[in-house]
Amino acid sequence: MSLHWPSKDKDEVLDYSLDWTRALENEETISAVVWAIVDATGAKVAFNAGATVDGLTNTTQTNTSTIATIYLSAGTNNKQYKLYCSITTTQGLTKERTVSIKIREYN
């Protein structure tokens with residue numbers, strides 16, 4: 001199952017977050033976050049800060065001990081993007097969520 005973020009205009013720079021609190025157990029926290037995106041060929045590729053893939057830019061990314069945040073800019077109008085957020089926890093576990101976002105031009 002894929003999550004859906006609210007759409008954004010290609011001219012906006014907006015932050016989007018995933019709260020991992022429910023997926024973390026006991027004293028477990030996030031120790032690393034890796035973002036990926038599906039490119040124009042359908043391949044899942046790394047989406048590091050500063051990268052642009054198929055018109056969408058990962059402006060920057062941050063995380064706390066429970067929340068992963070990505071700042072997105074640009075994008076292709078009417079295109080739906082699929083992103084992956086993978087975390088590594090302090091217990092050495094890897095967990096991943098998929099999220100979609102659509103670019104829509106607002107007047």
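Computed quantities for the displayed model
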{"item": "From the options 106, 84, residue that is within 16 Å of residue 10 (Cβ to Cβ) and among the hydroxyl-bearing types (Ser, Thr, Tyr)", "result": "106"}
{"item": "Of residues in the stretch 26-58 being in contact (Cβ under 8 Å) with a residue 24 or more places away in the chain and acidic (Asp, Glu), the one surrounded by the most Cβ atoms within 10 Å (Cβ to Cβ)", "result": "28"}
{"item": "First in the stretch 88-100 and more than 9 Å from residue 31 (Cβ to Cβ), second anywhere and among the small types (Gly, Ala, Ser), Cβ under 7 Å, 6 or more apart", "result": "94/86; 95/23; 96/86; 98/2; 99/2; 100/2"}
{"item": "Test for residue 87: is it β-branched (Val, Ile, Thr) and more than 30 Å from residue 105 (Cα to Cα)", "result": "yes"}
{"item": "Considering residues of the stretch 67-86 that are under 11 Å from the mean Cα position of the chain (by Cα) and among the β-branched types (Val, Ile, Thr) only, the residue farthest from residue 46 (Cα to Cα)", "result": "69"}
{"item": "Subset tally (residues that are more than 15 Å from the chain's Cα centre (by Cα) and not small (Gly, Ala, Ser)) for the stretch 13-29", "result": "8"}
{"item": "Residues of the stretch 8-62 satisfying the condition of being out of contact with any Ser or Thr (no Cβ under 6 Å at 6 or more places or on another chain), assigned to a loop (DSSP other than H, G, I, E, B) and not charged (D, E, K, R)", "result": "24, 26, 40, 41, 42, 43, 47, 48, 50, 51"}
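FYI, it's all coordinate maths here, none of it is from the lab. Predicted model, so just to flag it, every value in this text is computed and none were measured. With ideal geometry, Cβ positions are generated from the backbone for all residues, glycine too; neighbour counts draw on all protein chains shown.
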